[in-house]
1. Of all residues in the stretch 299-313, which are under 19 Å from residue 346 (Cβ atoms) and outside any loop (DSSP other than H, G, I, E, B)?
2. With exposed (fewer than 10 other Cβ atoms within 10 Å of the Cβ) and assigned to a loop (DSSP other than H, G, I, E, B) as the only criterion, which of 232, 260 stands out?
3. Within the bounds of the stretch 356-372, is there any residue that is part of a strand (DSSP E or B), touching a residue at least 40 places away in the same chain (Cβ under 8 Å) and loosely packed, with under 15 Cβ neighbours inside 10 Å?
4. Which of (1) closer than 22 Å to residue 163 by Cα; (2) surrounded by 10 or more Cβ atoms within 10 Å (Cβ to Cβ) does residue 219 not meet, given it meets every other one?
5. Condition (residue is in a strand (DSSP E or B), in contact with a strand residue (DSSP E or B) (Cβ under 9 Å, 6 or more places away or on another chain) and buried (at least 20 other Cβ atoms within 10 Å of the Cβ)) applied to the stretch 336-344: is it met by at least one residue?
6. Out of everything in the stretch 398-429 that is buried (at least 19 other Cβ atoms within 10 Å of the Cβ) and part of a loop (DSSP other than H, G, I, E, B), what residue ends up being nearest to the chain's Cα centre (by Cα)?
7. Which of the residues that make up the stretch 265-298 are surrounded by 10 or more Cβ atoms within 10 Å (Cβ to Cβ) and free of Cβ contacts under 8 Å to residues at least 24 places away in the same chain?
8. Of everything in the stretch 64-96 that's touching a residue at least 40 places away in the same chain (Cβ under 8 Å) and more than 17 Å from residue 136 (Cα to Cα), which residue is surrounded by the most Cβ atoms within 10 Å (Cβ to Cβ)?
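FYI, it's all coordinate maths here, none of it is from the lab. Since the structure is predicted, the reported quantities are computational estimates derived from the model, not experimental observations. In this analysis, Cβ positions are derived from the backbone assuming ideal geometry, glycine residues included, and neighbour counts consider all displayed protein chains.
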């Protein structure tokens, strides 16, 4: 007993059915939306089933009666791999060879690749199923061909050219899913070529509770890649890579790691006159504000020094301190550096006309009066017949970190005067670095 399947009527797939299979799409009503490009609201969603019609001949004549069918979907005209499960239809009515039935291989069966239908049939009196010779190629309707890989859908619509809506309210679902495997590819890409305003990608979330996101991005790799959950770039000289506007928080950033050096918001400017972060208004920090160490200076002028004992003979014109006799050699000046500063250098500016050298020394003292020498510098080159003007600094600095919570700091100056002349002090400059406001 031989069955024949007429190729003339092998597959009749309506436009609506193919769209349902390839997209699991939506039929749209003609109602206006309120978001950019939202367009019409959904009226009814279709499933992944489609209508299949064929002709079954037996011994040269069309079959009439009830038959059982088994439909299997493959990715090749012979051999190949089966796609989805076999669909069995029992008691299908066949009249003069013609039959119609509904097939559903699931929403993932049709992804744009070629598909072939294998059919097995068992009619009244048959001992088992007979597999019909040759698989039937499932060809899309003309408009559905526009949905194959690499296509472009183009139109002029007041709403949108293409839309997808997922009405499932359980779990994490998506109305539209895009995936790219290229290192420079994009899973979903949006372009706006208009001459004014508009959006390349627009997201809207109307939820009134929980934590809704208009646009949500995640970089899922947990390795060492420098990744971005959301990345924005503007080529305009007055543009903004990522901008935010809100009644309360225009831009919000949070680093979720509980350890390590992290940034809730990170900003960078390559211009020497630019700002990594700029605030047009008040700036508030809950926590410590720090920055990359910057070099700064404090100058202790001659005018700041006072004699260590009453009755000293000296002259101080603000810019120069000079002892008036051999016994008036010791002078002291307080040093007020910001807490947390790190001293990197000390420079003593002087004129030496004496045989003995002059000295300045920086001291740290605790609140019990115990002091430690941090650094010292000396004059050189004076003596009989002339004087030398110069500057000098220490070779090392001990305890360079300033701790104003339990210490104070001062400079001691020893300025000799002898028969050859005197040592005069112009000032002392302390160089330091600081990593936070003060």
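1. Initially, the stretch 299-313 is screened for residues under 19 Å from residue 346 (Cβ atoms), giving 299-305.
The answer is 299, 300, 301, 302, 303, 304.
2. On the way: 232 fails: exposed (fewer than 10 other Cβ atoms within 10 Å of the Cβ).
Matching residue, one of 232, 260: 260.
3. Initial filter on the stretch 356-372 (part of a strand (DSSP E or B)): 359-366, 371-372.
Retained after the next criterion (residues that are touching a residue at least 40 places away in the same chain (Cβ under 8 Å)): 359-366.
Among the residues that remain, those that are also loosely packed, with under 15 Cβ neighbours inside 10 Å are: 365-366.
For the stretch 356-372, residues part of a strand (DSSP E or B), touching a residue at least 40 places away in the same chain (Cβ under 8 Å) and loosely packed, with under 15 Cβ neighbours inside 10 Å: present.
4. So the condition that residue 219 fails would be (1).
5. Of the residues in the stretch 336-344, the ones in a strand (DSSP E or B) are 342-344.
If we keep only those that are in contact with a strand residue (DSSP E or B) (Cβ under 9 Å, 6 or more places away or on another chain) too, we end up with 342-344.
With buried (at least 20 other Cβ atoms within 10 Å of the Cβ) added as a condition, the list becomes 343.
Yes, the stretch 336-344 contains a residue that is in a strand (DSSP E or B), in contact with a strand residue (DSSP E or B) (Cβ under 9 Å, 6 or more places away or on another chain) and buried (at least 20 other Cβ atoms within 10 Å of the Cβ).
6. If we filter the stretch 398-429 for residues that are buried (at least 19 other Cβ atoms within 10 Å of the Cβ), which is where we start, we get 402, 409, 411, 413-417, 421-425, 427-428.
Now drop any that are not part of a loop (DSSP other than H, G, I, E, B), which leaves 402, 415-416.
Details: 402: 38, 415: 61, 416: 64 Å.
Filtering first and then ranking leaves 402.
7. 265, 266, 267, 269, 274, 275, 276, 277
8. Here is the first cut: in the stretch 64-96, the ones touching a residue at least 40 places away in the same chain (Cβ under 8 Å) are 65-78.
When the remaining residues are screened for being more than 17 Å from residue 136 (Cα to Cα), the result is 65-68.
Numbers: 65: 14, 66: 13, 67: 21, 68: 16.
Looking at residues that are touching a residue at least 40 places away in the same chain (Cβ under 8 Å) and more than 17 Å from residue 136 (Cα to Cα), I get 67.
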